[in-house]
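Report on one structure; see the data block that follows.
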Amino acid sequence: MLNEDPKYQSGAPKEPDHIPEGAIVSSDTRRANRIPPGQSRTRKWPVLQWGPIPEIPFNEWTFEVRGLVERPLSFCWDEYRQLPRVKVFSDFHCVTQWSRLGNVWEGVSIRELAKRAGVKQQAKFVIATGNDDGWTTNMPLADFLQPDVVLADTHDGELISFDHGGPVRLVVPQLYAWKSAKWCRSLTFLGHDEPGLWEKQGYHNHGNPWLEERFGSETMPPGWNEEENRSIISDAEPF
């Protein structure tokens, strides 16, 4: 039967040597085995979210960079689209145990935003906030300022749909995908850590997929359903 998922990957995942010229390559895509422990490859791009999907029109979308910065920033859609753009080739690992390999994202490098804002030396962490009922997630700057982290508006050459976090989502390839905040509307630089929404619910405060940093304890967080998670990746396969 014909697969109706427009993002379905019909063949082998893309390799770093077969990507657009000039794209930033996430280091994890060069691993001999690109699937972290406990994960399986999916050819789909599943849609997962907590609560209703916000649909922000381009003419109403705004983005802010604030906190411990020399120059707070604020962009409308047209201003954001005029910023220098990059492409990033990376894999995508969801805490619910599926991995989608070989994604090409395009948008604005987080390093570019940090440079324009002038992040102060006291800043050690960042909070990403989404348009979905005040969603937040936290990261240390050591992870956030990696060269493959991008504020993305396209995925594999197409604008990111509302289902997948458009108009703009954060992409942090080397951490579990819940750190890649959908519908991202602001970044706040802080001198101290502040666990985000899911982190407060029991997810790991860091989220390294290669260390299986899924949960902060042996108790599964609310909403974690093993059977449901596996049904999402019914086409999953080892790689």
Scan E64, E112, E106 and give me the residue that is touching a residue at least 12 places away in the same chain (Cβ under 8 Å), closer than 30 Å to D17 by Cβ, part of a strand (DSSP E or B) and of a type outside the set (A, V, I, L, M).
-> E106
Filtering segment 124-160 down to residues that are farther than 15 Å from I110 by Cβ and under 14 Å from the mean Cα position of the chain (by Cα), which residue is surrounded by the fewest Cβ atoms within 10 Å (Cβ to Cβ)?
-> T154
Search result, residues across segment 11-52 that are modelled with pLDDT of 95 or more, of a type in the set (S, T, Y) and in a loop (DSSP other than H, G, I, E, B) = S26
The lone exception for P13 - which of (1) exposed (fewer than 12 other Cβ atoms within 10 Å of the Cβ); (2) under 18 Å from H155 (Cβ atoms) it fails | (1)
All but one of (1) modelled with pLDDT of 95 or more; (2) closer than 25 Å to E79 by Cβ; (3) outside any strand (DSSP E or B) hold for A128; which doesn't?
-> (3)
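The values are calculated or read from the model by the stated rules, or taken from the named source; none is laboratory data. As the structure is a computational prediction, the values presented were derived from the model and not from experiment. Cβ atoms come from the backbone with ideal geometry, glycine included; neighbour counts cover every protein chain shown.
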